[in-house]
Amino acid sequence: MWKKIQIVLFFLVTHTLVSQQLKSANYIIKVQVVDIESKKSIPNADVMVNGSFYKYSPIKGRYEIKAKKGDELIVRHSDFNTVYYTIQGNDDIRIEVESTIDKKVFSRVLKNPRSLKKRKRESSYNEYLDSAKFYKKKNIDKSLSFIEKTLKEVESKSRRSASFKVLADIYLYWKQYDLAIENYKASLKEKESAKVRLELAKVESLNKQYSESEQSYLKSLKGRLSAYEKLTAFEGLGDVFKGKKKFTKAEYNYKQALIIAKKNLITPKVTDLNSKLAEVFAEQGKIKKADILFQNSLQLANKENIKRSLKEEQKVADFYNKSGRFDDEIQLRKESLKKAKDINIETEDKETLVDSITSQKINYKIGNAYLQKENYQEAIAFLEKSIDDADKSEDLIIKKDATRKLSEIHETVGDYTKALKSYQDYVKLVDTLYIKKEQEIQQVKRFSKRIFDNQNRIASLEKDKELSDSKINLAYKDQQLVEESNKRQEIIIYSLLGGMLLISLLVYYMYRNIRQQKLANNLLALKSMRSQMNPHFIFNALNSVNSFIAVNDERSANRYLSEFSVLMRSVLENSDEDFIPLSKEIELLQLYVKLEHNRFQDKFEYTISVDEKIPLDKYSIPPMLLQPYIENAIWHGLRYKKEKGNLIISMNQKTENTIMINIEDDGVGRKKSMEMKTKNQLKQKSKGMSTIKNRIGILNDMYQDKISVNVTDNFADGRGTKVELILKKD
């Protein structure tokens, strides 16, 4: 009896395993897409299975796809309705389609004396569209010019929709998200498509328009989508809710996508979704769950390919770092470092993986992990290796960051000579990056102008085409229906209104794009300005340390250098912020003035008074905004005074929403200072005041006149200087 049961179980298990193998086996299937009227093959259809597109083979006259039983085959084209077919086995597939181009349009074309020319234009549409797709990643100008040609030639709504969709795809590739959104909407206006709406939702999410993206994803799910596209929609919704910090909803949608991925054996997506779910759990503080899912994603990524494995390893290593598991992080990154040296990354892969798998970045992160463990010797070794690799690869960002960390470690271990050398290298790299950023800004401006001109041409073409179509319709109806003259007048009026509306929309989008470009330029300019610290003060401070050392006053040198390093660290920590709390700015100023007073004790005394009524937590100020004014007071006013002077810094409540900050000195005054400069033949001119004026100008432009400054003589005879700065509440 027991033997019979064993035999039955054996057959059941064998049958199950065979069935699963058959279900998961991939077939090479021949697919023909044929026009039902002409019986000719259609070579430019979009043939897709599980997110993978397959090209037409001119030699074989067909498409060859890789699929398994149960997969959904999708065939799309602008001239016929989308075809959905579930793979039944490894049999060849023949799909016969009928054109959906507007018959009325063809009828009118055939009656027109220029019908032959128009039919020739219709036949060239697919060539233009294919050319636009071909040049999408290579030359945006050529790609857009071919789209312009398709829009000139086409009258069919389905083809116009396809043209706008490809135009949006081009802008999406070049990260012009606003223009991509505009053209996906134009495509949907011509013809509703769940696939296009899915693309619209994706680019809205990339543009951080999360509410709009959520609605677009939900609307796309109501249409006809393949299993892979449904997976993409749920994954996109997960990304949206993750971006909105709604982690419960993000988790739900990622799990829905994971169910579809597992059911259809879409392994790459199973890896991605495990990783994204792990990130959601990590954000919620569910470390154990996150750890389990990250391990799953690592195992799955290792089964795919080495590049995918490397990308996932960096995510998991970052998770270890945030969790304080530095040993696990170091071990994993060292394994990644070995793999990174063994692969040859191609151009397309570099675009997506270069930030994760460059040896300089991995070495930098290993060094940082050792630093966090306070293992300084290992940290130094990996940071130096990171700097060498970054230098070879011309990766200035990593080189700058690694150099700064190296300076901090040398300072921590007491090797001040190396710390100073590393810090000087860091300052040079910051200056080089600033110049490079300025060049990049100019390149972005030129690129944006080219795209803007092309889009203007296409928009103008659309307007001209609409007006031209209106004239043709009016002329045709004038010949056929003279009695409908009133109706023709209405059409003219509506056409003009439509033209005005298009112009208004164009002006609006021009204004919005210019405004966004201006904001981006302002932010980049602020970041560049914040990254600078007056080298005049830095080098003089270091000279003071040198003078202490020269007279063997080691205690004073150590104290001064320690206080100076605290100030520098604070300045660097705040270098990425537009505004910091007023209380923190006061602390920086107290430290700065203390350092200057240590150097010039025989030149001035100072007082810093802050009105206790001021709610410091409700005011914020750009970091080190006041420092150049105080520096000017000391260096150009008090320093030239024969007797000891006074520096008074005060902060008082001016109105309910503003405070007055005064910086007063009784030095020689601005005019006398300039005369003394001339006598001493000072050749260098401080850029501090021009920089601070530019900063204030940009910040006021962005934050609606938050700061105002007035500089006057402190006394009627021209002695002294008084700076009055009014700061508004947040």
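Remarks
- Identity of the residue in segment 411-453, modelled with pLDDT of 75 or more and small (G, A, S), that ends up nearest to the chain's Cα centre (by Cα): S422
- Looking across K136, K142, one residue alone is outside any helix (DSSP H, G or I) and either among the β-branched types (V, I, T) or not assigned by TED's automatic domain parsing to the domain that holds F234 (or both). It is K136.
- Yes/no for Q377 being at pLDDT 90 or above, out of contact with any His (no Cβ under 6 Å at 6 or more places or on another chain) and either surrounded by fewer than 22 Cβ atoms within 10 Å (Cβ to Cβ) or aromatic (F, W, Y) (or both): yes
- Flag for E214 being surrounded by 24 or more Cβ atoms within 10 Å (Cβ to Cβ) and at pLDDT 90 or above: no
- Options I397, I357: the member that is within 23 Å of the chain's Cα centre (by Cα) and at pLDDT below 85: I357
- Of all residues making up segment 296-335, the number that are within 21 Å of K286 (Cα to Cα), in the same structural domain as K276 (by TED's automatic domain parsing) and surrounded by 19 or more Cβ atoms within 10 Å (Cβ to Cβ): 2
For every residue, the table says whether it meets (1) among the hydroxyl-bearing types (S, T, Y); (2) buried (at least 21 other Cβ atoms within 10 Å of the Cβ).
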site: S220; (1), (2): yes, yes
site: R224; (1), (2): no, no
site: L237; (1), (2): no, yes
site: F247; (1), (2): no, no
site: A250; (1), (2): no, yes
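- Each residue in segment 144-169 was checked for being in contact with a Ser or Thr (Cβ under 9 Å, 6 or more places away or on another chain), under 20 Å from A45 (Cβ atoms) and touching a residue at least 24 places away in the same chain (Cβ under 8 Å), and 16 pass.
- Identity of the residue in segment 584-618, surrounded by 15 or more Cβ atoms within 10 Å (Cβ to Cβ) and hydroxyl-bearing (S, T, Y), that ends up farthest from D665 (Cα to Cα): Y592
- A search for C-beta distances below 6 Å between a residue of segment 500-523 that is loosely packed, with under 11 Cβ neighbours inside 10 Å and any residue that is modelled with pLDDT of 70 or more and in a helix (DSSP H, G or I), counting only pairs 6+ apart in sequence or on different chains, returns nothing.
The values are calculated or read from the model by the stated rules, or taken from the named source; none is laboratory data. Everything quoted here is computed from the prediction, not taken from an experiment. Glycine gets a Cβ as well: all are built from the backbone with ideal geometry, and neighbour counts include every protein chain shown.
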